[in-house]
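The values are calculated or read from the model by the stated rules, or taken from the named source; none is laboratory data. Remember, it's a predicted structure, so these values are computed and weren't measured experimentally. Remember, those area values only see protein heavy atoms, side chains included, never the ligands or the DNA or RNA. Shrake-Rupley method; radii C 1.70, N 1.55, O 1.52, S 1.80 Å.
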Amino acid sequence: QVQVVESGGGLVQPGGSLRLSCTASGSRFSFAAMGWYRQAPGKQRDLVARIFGGDSRNYAGSVKGRFTISGDYAKNTVYLQMNSLIPEDTAVYYCYVVSAGTTYWGQGTQVTVSS
């Protein structure tokens, strides 16, 4: 069974930074993709950033230039460096991985941007 565990959320002031980490384990196969979604209260879950096909990356338009996704494949870990945070970034951030055609999700970590 694949397990996905996130860490690094918390409360930060506008303009601040946070780094999320996500480690996946339990798969006999390599991970085809890893990334982050987020869901704010009353809104749908949206893609924030993903890394796939080795080192290809996608970002949501709202985070381009502020967030950076990176991966440590030896550790099956993906990171999301979030800079210049704004209140609109407040959400639960969910990590996901794709292994052998199946998507696995973490439990989510809360990010709150507020003064």
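First compute the accessible area of the chain with a 1.4 Å probe, then give the percent of it belonging to carbon and sulfur atoms.
Working: 2890 of 6070 Å².
Roughly 48 percent, rounded to a whole number.
Based on C-alpha pairs under 8 angstrom that are at least 6 apart in sequence, the chain has a relative contact order of 37 percent. E88 contributes about 130 Å² of solvent-accessible surface, heavy atoms of the protein only, 1.4 Å probe. Taking every Cα-Cα distance in the stretch 7-115 and sorting them into 10 Å bins from zero, the calculated P(r) comes out as 15, 50, 28, 6, 0 percent.
Contour minus end-to-end for S7 and R28, with contour as 0.36 nm per residue of separation and end-to-end as the Cα-Cα distance? Could the numbers behind the result be given before it?
Numbers: separation 21, 0.36 × 21 = 7.56 nm, distance 2.33 nm.
Result for the pair: 5.2 nm of gain on full extension.
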